[in-house]
Amino acid sequence: DWFIESCRKIKYMFPKAHAAAYVISAFRIAYFKVHHPLWYYAAYFSIRCDDFDVDSMIKGETAIRAKIEEIQSKGFEASNKETNTLDVLYVALEMTCRGFSFKNIDLEKSHAKYFLIDDDNKSLIMPFRALDGLGVQVCNQIVSEREKGKYISIEDLQNRGKVNTSAIERLRALGVLDDL
């Protein structure tokens with residue numbers, strides 16, 4: 001009687017098949033995180049994250065820890081962007097502690113949106129979208145124009161890639177444009 005009365009009171013019960021699907025998904029994620037960590041991190045950063053601190057991430061574990069402490073010290077005064085970046089930095093710290101690293105944005109190798117595994121199988125190459133101030137359209141434009149021919153100067157990148165001056169300055173500060 002108690003069971004039947006309880007079932008009448010419950011409006012919705014989470015289906016077992018749905019719960020099983022979640023568990024299977026969690027096992028798959030755990031498998032890749034353990035056995036193919038760079039694949040896991042490349043997919044995680046490419047799909048689940050939007051706010052990055054490129055400077056800290058390419059400098060490694062010490063810089064990431066410093067940035068995490070800086071954001072945490074702000075407490076509730078931290079902006080939403082900083083809070084979102086903090087979540088990304090925790091995973092970036094985990095990755096670097098496991099012996100992997102981030103490589104800077106590369107005009108020749110970087111993808112518009114996705115983190116790529118470098119040839120050394122020890123690092124991820126940052127995509128163009130990781131940089132603040134570069135929209136999806138501009139990132140895609142940079143890559144599509146790169147495929148047509150190598151960039152020969154900063155002006156060429158600005159004209160063909162439709163990159164604004166502030167983004168050029170940011171790329172210059174990161175050392176991405178040193179070869180141009």
| note | Within region 135-155, residues being part of a helix (DSSP H, G or I), without any contact (Cβ under 8 Å) to a residue 24 or more places away in the chain and not basic (Lys, Arg) number 5
| task | Can you run down the residue pairs with Cβ atoms below 6 Å, 6 or more apart or on separate chains, where the first is in region 100-120 and under 20 Å from Asp179 (Cα atoms) and the partner is of a type in the set (S, T, N, Q)? | result | Lys103/Ser123; Ala112/Asn140
| Sole exception among (1) surrounded by 14 or more Cβ atoms within 10 Å (Cβ to Cβ); (2) under 20 Å from Ile64 (Cα atoms); (3) out of contact with any strand residue (DSSP E or B) (no Cβ under 9 Å at 6 or more places or on another chain); (4) not β-branched (Val, Ile, Thr) for Tyr151, by number | (2)
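Check region 64-86 and report whether any residue there is touching a strand residue (DSSP E or B) at 6+ places or on another chain (Cβ under 8 Å) and either open to solvent by 60 Å² or more (accessible area, probe 1.4 Å) or not polar (S, T, N, Q) (or both). Give the steps one after another, and end with the answer.
Looking only at region 64-86, we keep the residues that are touching a strand residue (DSSP E or B) at 6+ places or on another chain (Cβ under 8 Å), and these are none.
No; the residues of region 64-86 include none that is touching a strand residue (DSSP E or B) at 6+ places or on another chain (Cβ under 8 Å) and either open to solvent by 60 Å² or more (accessible area, probe 1.4 Å) or not polar (S, T, N, Q) (or both).
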| If you take the residues in region 8-44 that are in contact (Cβ under 8 Å) with a residue 12 or more places away in the chain and hydroxyl-bearing (Ser, Thr, Tyr), which one is surrounded by the most Cβ atoms within 10 Å (Cβ to Cβ)? | Tyr41
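The values are calculated or read from the model by the stated rules, or taken from the named source; none is laboratory data. As the structure is a computational prediction, the values presented were derived from the model and not from experiment. Neighbour counts are summed over all protein chains in view; Cβ atoms, including those assigned to glycine, are modelled from backbone coordinates with ideal geometry. All accessible areas refer to the heavy atoms of the entire protein, side chains included, with ligands and DNA or RNA removed. Shrake-Rupley method; radii C 1.70, N 1.55, O 1.52, S 1.80 Å.
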